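Read through the structure below, which is laid out as structure tokens, and then see the notes.
No value in this document is a laboratory result; all are computed from the given coordinates. Here the structure is a predicted model, which means the values were calculated and not measured. Cβ: placed from backbone, ideal geometry, glycine included. Neighbour counts: every protein chain shown.
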């Protein structure tokens, strides 16, 4: 039996017609070939759109564009402009290499829950009110300057407003608002964000983790006390998992104390006196008072381990105040991406 060759259609810079009933396995599209006069109605075949080079591909530009099932990106930076109508029937988008964006075209928002999107960030517009993510782990950029609702759906999802941590705060819902269960409200420099099923918020100066719970806050305080710096995401996730699994805090703190970041923060602390002085300086950001210093030295002399003392300092009200809202349960601010 002879091999059946794939049906490949390459769009031109002019007005192209793909009529219903014409088999199409691959629709080859270059930047500038999706035009207002195009009439593309695919009904038979594999129906894959293949992007050939870096550029912007506006699926809303043609007069008709229907029947797509999959979209494959180029090796460059692709920007795919989409609408709910033009993605009807599409089940998979993989934009491949490069820094790629799926850009929502118009007002009203988008529901991506029937799709799988790989190697691309979803980007809203100022007019977009509602975005529902895919079943996977999504990266969703909000438009700013508006009130946006984002439901990340399944997966570990990240919302990206263009603000710093100092401009990002938890907010209360308005009295007249009826919110879907599980929705959290934030103010992002005047943009009101309603987030549901969103685990991470990526800011200009770090990451806010929304899904780490009480043990996440405990892990945050422990790392901050041991290293004297804003923790990394990967460290928090690993330590929180250990706490969830019942590993004693003293054992975890002892491990942190064997690390290079601890050595950098505390320096040479061979004597108990040097350790206590460093403890006040690193954890509480002040010098030890005479009474407190004497109490800690006495505790160490009577068998208290340094790890246990550091755990106790991490949980003090004074250290909680030093950490501030960055270490709040359900809203942990970490320095950079560790484990996504």
- Per the Kirkwood formula on distinct C-alpha pairs, the Rh of the range 1-130 is how many angstrom? 14.9
- Message: Defining a contact as two alpha carbons under 8 Å apart and six or more residues distant in sequence, what relative contact order in percent does the chain show?
- Response: 10
- Message: Semi-axes of the equivalent ellipsoid for the range 65-133, please: Cα gyration tensor eigenvalues, times 5, square-rooted, ordered largest first, whole Å.
- Response: 18, 15, 10
- By how many nm would the segment from residue 294 to residue 75 lengthen if fully extended, with 0.36 nm per residue of separation less the alpha-carbon distance? 72.4 nm
- Query: Which residue fluctuates the most in the chain, going by a Gaussian network model with Cα springs under 10 Å, if the choices are 194, 280, 220?
  - Reply: 280
- Note on the structure: So, with points 7 Å from each Cα along the Cβ direction, the residue 264-residue 43 label distance in nm works out to 6.4
- Note on the structure: From fewest to most C-beta neighbours within 10 Å, the residues 146, 12, 235 line up as 12, 146, 235
- Task: May I ask for the distance between the Cα centers of the range 22-43 and the range 119-173, given as a whole number of Å?
- Result: 31
- With r defined as the distance between the Cβ atoms of residue 12 and residue 56 and R0 fixed at 30 Å, what FRET efficiency is calculated, to the nearest 0.05? 0.95
- Rounded tilt (10° steps) of 290-301 against the dominant C-alpha axis of the chain: 90
- Cβ-Cβ FRET estimate between residue 147 and residue 64, R0 fixed at 45 Å, reported to 0.05: 0.85
- Please give the length that would be gained between residue 20 and residue 204 if that part of the chain were fully extended, namely 0.36 nm times their separation in residues minus their C-alpha to C-alpha distance (nm, one decimal). 61.5 nm
- Message: I'm a student and want to see the number: the projected area of the Cα convex hull of the range 213-334, averaged over all directions, in nm².
- Response: 6.9
- Neighbour-count ranking [beta-carbon atoms within 10 angstrom, fewest first] of 147, 137: 147, 137
- Message: Could you tell me the calculated FRET efficiency between residue 88 and residue 304, based on Cβ-Cβ distance and R0 = 51 angstrom, to the nearest 0.05?
- Response: 0.20
- Peptide ranges 57-68, 198-209 listed from the most packed, as the mean C-beta count within 10 angstrom indicates: 198-209, 57-68
- Task: Give me the percent of DSSP beta bridges within the chain that run antiparallel, rounded to the nearest 5.
- Result: 25
- Message: Based only on other Cβ atoms within 10 Å, what is the fewest-to-most ordering of 222, 309?
- Response: 309, 222
- Which whole-number percentage describes the relative contact order of the range 8-209, with Cα contacts under 8 Å and a sequence gap of 6 or more? 11
- Query: What Kirkwood hydrodynamic radius, in Å, does the chain give when the mean of 1/r is taken over all pairs of distinct Cα atoms and then inverted?
  - Reply: 23.2
- Message: Which residue fluctuates most in the GNM of the chain (Cα springs below 10 Å): 96, 228, 246?
- Response: 246
- Once both labels are modelled 7 Å past Cα along the beta-carbon direction, what's the residue 176-residue 238 spacing in nm? 5.1
- So how far apart, in nm, are the two label points at residue 130 and residue 286 if each is 7 Å from Cα heading toward Cβ? 5.1
- Message: With just the Cα atoms defining each centre, how far is the range 178-208 from the range 278-332? Give it in Å.
- Response: 32
- For the chain, set up a Gaussian network in which alpha carbons nearer than 10 Å are linked by springs, and say which option among 318, 177, 233 fluctuates the most. 177
